[in-house]
Amino acid sequence: MSVTRTVVSPDDGGLDDRVPFLARLESEDRSVLLALGRQLTFTARMILIHQHEPSSHVLFLVQGWTKVTASAANGYEALLALRGPGDIVGESAALTGRPRSATVTALEPVRAVAVEHERFTDFLSRSPAVSFALLGLTADRTRAADRRRLEFASMSVRERFAVLLLDLARTHGRRTQEGIELAVPLSKQELAGSVGASREMVQRLLRELRDKEAVVTGRRTLLIRRPDVLRRIAAAGPASGIPSPQGPHEE
């Protein structure tokens, strides 16, 4: 099974520097770990893991992309991460014994291996190298989340949205003749949940970016034609020419 991701940067192209869990393991450890579980398949928009449910297993994604979301008490849903081939999901609840902290939903057909959490924790107790790999992954995810929170704290929604699109282009972009096509299908609501905005605000920003011929949008599709416009917005803020969002929920 291949767990290498080939993506394109908005500038020159290259490899994603975010290494999934299975790619951090020696091939023997990876084979033994996956042999402990059973294969599962999920159709697009099917839920793999439900927030607040008790943990019974961890999932290793073999094929297809998923979104990780968490819902607040007021119903607002935030997009926390995208997980794809080689990633592990559900490990936190398995290790702590606490209920699931997020929902994981298939964005496209997904194939995964489910390992019961008792088998998983027993394997970790006998495999120091795998335990350290998981610890390293957890540290990397925490550091990335902290860095994103720090960056976003001083940005407007307009700037956060430009940064998000550039990040998606770098980590999930496919180079085409027309531009950089995002390889994961995200709705406007999911994009909004990733930057703490309303769906209406994201629609407005996309319309303004279309007017500048920076992006082309379709149903759950997005093509970035001019990443230089996004970079100017992310770096210059109001100087980009796109008006600052207004209203108490957008800043």
Inset, instruction - Enumerate the whole-percent occupancy of each 5 Å bin, from 0 to the last occupied one, for all C-alpha pair distances of the stretch 49-138. - result: 3, 14, 22, 25, 20, 11, 4, 1, 0
Legend entry - Helix-only CD estimate at 222 nm, as mean residue ellipticity for the chain, using -39500 (n - 2.57) per DSSP H run (n ≥ 4): -12000 deg cm²/dmol
Inset, instruction - Enumerate the calculated ³J(HN,Hα) couplings along the stretch 69-82 in order (Karplus 6.51 cos²θ - 1.76 cosθ + 1.60, θ = phi - 60°), each rounded to whole Hz, writing x wherever the residue is Gly or Pro. - result: 10, 9, 9, 8, 4, 7, x, 5, 10, 9, 7, 8, 6, 10
Inset, instruction - Taking only Cα atoms and a 10 Å spring cutoff, compute GNM fluctuations for the chain and point out the largest among Val202, Val110, Val32. - result: Val32
Legend entry - Sequence-distant residues sharing a close amide H with Ser55 (under 5 Å, placed H): Arg100
Inset, instruction - Pairs of Cα atoms under 8 Å, at least six residues apart: use those to get the relative contact order of the stretch 62-103, whole percent. - result: 40 percent
Inset, instruction - Report, in whole Å, the centroid distance computed from the Cα atoms of the stretch 114-146 and the stretch 209-237. - result: 37 Å
Legend entry - Cα-projected label distance for Thr176 with Gln189, points at 7 Å along beta-carbon direction, nm: 2.5 nm
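Quick note: the coordinates plus some simple rules give every number you see, no bench work behind them. Being a predicted model, the structure only gives us computed values, none of them experimental. Glycine also receives a Cβ, built like all others from the backbone with ideal geometry; neighbour counts cover every protein chain displayed.
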